[in-house]
Amino acid sequence: MLNDAPVNVWDRELEELFLRIGSRFNRIEPRRRMRDYVRGLLAPVGRKNGWQLAEWAGHATPDGLQYLLSRSRWDADSVRDDLQQYVADQLSDDDGVLIVDDTGFIKKGTTSAGVQRQYSGTAGRTENCQIGVFAAYATSRGHALVDRDLYLPRSWTDDRDRCQAAHIPDARTFATKNALARDMIRRAQASPLRFRWVTADAAYGQDSRFRLFLEDDLKLHYVVAVPKSQQVHGPRIEDRIRREAPPEAWQRLSAGPGAKGERCYDWVGALLPVVEERDRDEPTRRRWMLARRSITDPEDIAYFLASAPLDATLADLARIAGCRWKIEECFQSAKNECGLDEYEVRRYTGWYRHITLAMLAHAFLAAIAAQERERGAPATTRPISWTSHRPRSAVSWQLNPRTPAHATTTR
């Protein structure tokens, strides 16, 4: 990827990025080491560990780069803030979506901060690993990681001696992954990033507190995955979809472009009844339940809940749900191209510093790609809707994918 762009373009953009964050390093030595470290993360280095990055930068030993991550005086959260400003300047748009998810980092031993045997979605099984919770920002211009937090299991937070050995601050107590995600969304909303939507997988979407936090506390819209057992006004969402959805309500829609073209699925969506004690007389949003069915395997169905503006359509919600994959693309490219998972640090501070600089390198690649990408917005139409009158159904099934919610009436 590095060899595809003219050297002067890369150098100019990278120098501007270094100038942007340079003030976070109060001495010339850590500034130089930061530049060498980020350039090494972007370079065609076989494995981006301390020795190979040092060798690429022309250092005799990795001591200087290790000092940058461990004992040098600089604040990774301040660089994170600069990263968010950079991504806002390069990628921000009115169609912004914030995506939260976690990823695993396989580790050996027991001394790396937060490590234990726990389920890793990256590996698809229980492994000895660290778990990082991340936020990504996506628009039609591109997508990049914009925040991160290290998940600390209770086996760590309940053992203060162990925390002290890994340099975990005393103020850091146990927080669930969902709580870490909520904190990141708060920070993102206070940042220059422009977004109205949040999306996440079922680990976050099934949590009613998470959904209420988005909807009531932050006034954000969302489309979140939920398990098939999720109850929706009583019955399970799987049962409601299978029993009540009329065949003609299923619509073939794109969840966004993929590596092999548009990712098309069959979608069905229904407006849920207004909750008067929460929405009052004139609601400004509507809640939905959705299902996405594989074209090749009709038994492969994913389920979602959404809170959307009144003029949102099923096609809109399918697009937002499809944005969740963009954080997976971020993880893959940040690991493959920027060494996100190739760190050799064990302490808490070192983890945040490496991850932040790897995210910075990844955001740089996203900015370069955005500069070369043409922008365009497809025209939309808003035809009328169709309401299901099946027994025991108090929802409004959307027959046409581009029907705005405010055009639908409920029984």
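Under the condition of being in a strand (DSSP E or B), aliphatic (A, V, I, L, M) and buried (at least 18 other Cβ atoms within 10 Å of the Cβ), the residues counted in the stretch 97-121 number 4. Taking the stretch 320-338 as the range and being over 30 Å from GLN52 (Cβ atoms) and in contact with a strand residue (DSSP E or B) (Cβ under 6 Å, 6 or more places away or on another chain) as the test, the residues that pass are ILE320, ALA321, GLY322, CYS323, ARG324. The sole residue among ARG285, ARG353 that is at pLDDT below 95 and among the basic types (Lys, Arg) is ARG285.
Taken over the stretch 209-242, the residue count meeting the criterion of being assigned to a strand (DSSP E or B), surrounded by 14 or more Cβ atoms within 10 Å (Cβ to Cβ) and either over 19 Å from the mean Cα position of the chain (by Cα) or not small (Gly, Ala, Ser) (or both) is 6. Restricting ARG187, ARG162, ARG182 to those that are out of contact with any strand residue (DSSP E or B) (no Cβ under 7 Å at 6 or more places or on another chain), part of a helix (DSSP H, G or I), within 17 Å of VAL198 (Cβ to Cβ) and not aromatic (Phe, Trp, Tyr) reduces the list to ARG182.
Would the stretch 122-129 turn up any residue that is touching a Lys or Arg at 6+ places or on another chain (Cβ under 9 Å), of a type in the set (D, E, K, R) and either under 30 Å from ASP316 (Cβ atoms) or not in a strand (DSSP E or B) (or both)? Within the stretch 122-129 (the criterion being touching a Lys or Arg at 6+ places or on another chain (Cβ under 9 Å), of a type in the set (D, E, K, R) and either under 30 Å from ASP316 (Cβ atoms) or not in a strand (DSSP E or B) (or both)), the answer is no, since none of the residues qualifies.
The set of residues in the stretch 278-308 that are hydroxyl-bearing (Ser, Thr, Tyr) and in contact with a helix residue (DSSP H, G or I) (Cβ under 7 Å, 6 or more places away or on another chain) comprises TYR303, SER307.
The residue pairs whose first member lies in the stretch 38-53 and is assigned to a helix (DSSP H, G or I), whose second member is buried (at least 22 other Cβ atoms within 10 Å of the Cβ) and at pLDDT below 90, and whose beta carbons are closer than 8 Å, counting only pairs six or more residues apart or on different chains, are GLY40/LYS48; LEU41/LYS48. Look at (1) surrounded by 23 or more Cβ atoms within 10 Å (Cβ to Cβ); (2) under 19 Å from ASP341 (Cα atoms); (3) of a type outside the set (Lys, Arg) and you find that ALA138 fails only one, number (2). Residues in the stretch 120-152 that are more than 17 Å from TYR352 (Cα to Cα) and over 19 Å from the mean Cα position of the chain (by Cα): 4 in all. In the set ALA291, ALA308, only one residue is surrounded by 22 or more Cβ atoms within 10 Å (Cβ to Cβ) and farther than 22 Å from LEU218 by Cβ; that residue is ALA291.
If you filter the stretch 267-311 down to residues that are among the polar types (S, T, N, Q) and out of contact with any Asp or Glu (no Cβ under 9 Å at 6 or more places or on another chain), you find that the one that is nearest to GLN206 (Cα to Cα) is THR284. The set of residues from the stretch 248-299 being of a type in the set (Ser, Thr, Tyr) and without any contact (Cβ under 8 Å) to a residue 24 or more places away in the chain comprises just one member, THR296.
Results for (1) more than 17 Å from the chain's Cα centre (by Cα); (2) part of a helix (DSSP H, G or I); (3) of a type in the set (Lys, Arg), shown as yes or no for each residue.
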| position | (1), (2), (3) |
| --- | --- |
| ARG286 | yes, no, yes |
| THR296 | yes, no, no |
| GLU342 | yes, no, no |
| ALA358 | no, yes, no |
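If you check ARG293, ARG280, ARG263 for being at pLDDT 95 or above, out of contact with any Lys or Arg (no Cβ under 9 Å at 6 or more places or on another chain) and farther than 30 Å from PRO44 by Cβ, only one passes: ARG293. Considering ASP11, ASP94, ASP82, the condition of being within 26 Å of the chain's Cα centre (by Cα) and assigned to a helix (DSSP H, G or I) is satisfied by ASP82 alone.
The values are calculated or read from the model by the stated rules, or taken from the named source; none is laboratory data. As the structure is a computational prediction, the values presented were derived from the model and not from experiment. We place every Cβ from the backbone using ideal geometry, glycine too, and count neighbours over all the protein chains shown.
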